[in-house]
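Chemist: I have a structure here, written as structure tokens, and I will follow up with some questions on it.
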Amino acid sequence: MKRKDEIVMRNFQLEEKIIEVVERALVEDIGSGDVTTMAVIGDERIEAEAEFVSKDEGIIAGIDVVWFVFRTLDSSLSFIPFFSDGDEVKKGDIIGVVKGDVRSILTAERTALNFLQRMSGIATLTRKFVKAVEGTKAKITDTRKTAPGLRLIDKLAVEIGGGVNHRFGLYDMILIKDNHIAVAGGVENAIERCLRFIKEKDLDLKIEVEAQSIEEVEKILKVGGVDRILLDNFSIEEMRKAVDLIAGRFEVEASGGITLENVRDVAETGVDYISIGMLTHSVKALDISLEIKV
């Protein structure tokens, strides 16, 4: 396996953003100093090795982020992973080891685990949904229901789990939702205003519009000009009808009330995307511990 310092991130911009998130997390946790470690160990340098041990079954995500945590805090630390992002782990598996000054390991421990546990939990749940719709054309996608300040991390974990990312923020896609429609005085007005805005500002943005009924789908089809229609809280029967009505003219996304129990039924209606807020807003972290061996 390659050492992490030999692995190049997919693009430099992504690496820079992850480093920013890691630095904020370390500052938040350490503050003026790790007083417990300073009191117990003092200035003595003690070489140690610590193992990341999985206490559950799941999908590992966040290996690169953990490496950034240790490298940012103390560049002399050595992190050696035994698994890669996206790999399945079982209870008792050693995910990787970190070696070096025990003071640095103790100080970075919680931050590293927070990232690894949360990201692995998101990737694990995402993989379950992805497997549930195998054989259909539906893709599992996330939402903006992420932990504040951790959107990049949360969405990266979804991608590692096999899902695809929806818009990252309010800036990279137009998504006309029910409240926009209400303020605009109807879905037709909302779409027309967005089309005019894009043209006036010379923007290259996709437009998605939310529909809450078959009647709204019909109105959207009459206006046109959008890229995707979001079927919000449709029943399975209504969803099939909407997909038939749209007939491939626009991408179709389903959202609202999606669970592991019903996601297969939703996928089999013929939708292109299924967006699931629970992937990030209420996910259970994967149980992982860090055990130090002095």
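The values are calculated or read from the model by the stated rules, or taken from the named source; none is laboratory data. Bear in mind that the values here come from a model prediction, so they are computed numbers and not experimental data. Heads up, the Cβs are rebuilt from the backbone with ideal geometry, glycines too, and the neighbour counts pull from every protein chain shown.
Chemist: Could you tell me whether any residue of the stretch 54-64 is part of a helix (DSSP H, G or I) and either modelled with pLDDT of 95 or more or polar (S, T, N, Q) (or both)?
Modeler: Within the stretch 54-64, one or more residues are part of a helix (DSSP H, G or I) and either modelled with pLDDT of 95 or more or polar (S, T, N, Q) (or both).
Chemist: Here are 150, 113: which of them is on the phi < 0 side of the Ramachandran plot, in contact (Cβ under 8 Å) with a residue 24 or more places away in the chain and not assigned by TED's automatic domain parsing to the domain that holds residue 170?
Modeler: The conditions single out 113.
Chemist: So which residues in the stretch 215-240 are in contact with a helix residue (DSSP H, G or I) (Cβ under 9 Å, 6 or more places away or on another chain), loosely packed, with under 15 Cβ neighbours inside 10 Å and over 19 Å from residue 189 (Cβ atoms), if there are any at all?
Modeler: 236
Chemist: Any residue in the stretch 164-190 that is surrounded by 11 or more Cβ atoms within 10 Å (Cβ to Cβ) sitting within a Cβ distance under 7 Å of a residue that is assigned to a loop (DSSP other than H, G, I, E, B) and not basic (Lys, Arg)? List the pairs, counting only those 6 or more apart or interchain.
Modeler: What qualifies is 165/142; 166/142; 166/143; 167/173; 173/205; 174/205; 178/212.
Chemist: Among the residues of the stretch 66-93, how many are among the β-branched types (Val, Ile, Thr) and surrounded by fewer than 16 Cβ atoms within 10 Å (Cβ to Cβ)?
Modeler: Qualifying residue count, the stretch 66-93: 1.
Chemist: What pairs can you find where one residue is in the stretch 268-282 and under 15 Å from residue 159 (Cα atoms) and not assigned by TED's automatic domain parsing to the domain that holds residue 118, the other is part of a strand (DSSP E or B) and of a type in the set (Val, Ile, Thr), and their Cβ atoms are less than 6 Å apart, with a gap of 6+ or different chains?
Modeler: 273/141; 274/140; 275/141
Chemist: Then there's this: So in the stretch 73-88, with the set limited to residues that are outside any strand (DSSP E or B) and over 24 Å from residue 158 (Cβ atoms), which one is nearest to the chain's Cα centre (by Cα)?
Modeler: Here the residue is 73.
Chemist: Answer yes if at least one residue in the stretch 140-149 is buried (at least 18 other Cβ atoms within 10 Å of the Cβ), out of contact with any strand residue (DSSP E or B) (no Cβ under 6 Å at 6 or more places or on another chain), of a type in the set (Lys, Arg) and more than 21 Å from residue 291 (Cα to Cα), and no otherwise.
Modeler: no
Chemist: Taking the condition of being touching a Phe, Trp or Tyr at 6+ places or on another chain (Cβ under 8 Å) and on the phi > 0 side of the Ramachandran plot, how many residues in the stretch 250-268 meet it?
Modeler: Selection size over the stretch 250-268: 1.
Chemist: Tell me, which helices (runs of 4 or more DSSP H) lie completely within the stretch 112-209 with 1 or more residues that are over 21 Å from residue 275 (Cβ atoms)?
Modeler: 178-184, 187-201
Chemist: Which of the following residues is in the same structural domain as residue 145 (by TED's automatic domain parsing) and either among the basic types (Lys, Arg) or modelled with pLDDT of 95 or more (or both): 289, 235?
Modeler: 235
Chemist: Separate question: Could you go through the stretch 20-39 and let me know if any residue there is surrounded by 14 or more Cβ atoms within 10 Å (Cβ to Cβ), under 20 Å from residue 115 (Cα atoms), modelled with pLDDT under 95 and within 23 Å of the chain's Cα centre (by Cα).
Modeler: no
Chemist: Pairs under 6 Å by beta carbon, first residue closer than 15 Å to residue 109 by Cα in the stretch 69-84, partner in a loop (DSSP other than H, G, I, E, B), six or more apart or different chains?
Modeler: Partner pairs satisfying both residue conditions: 70/77.
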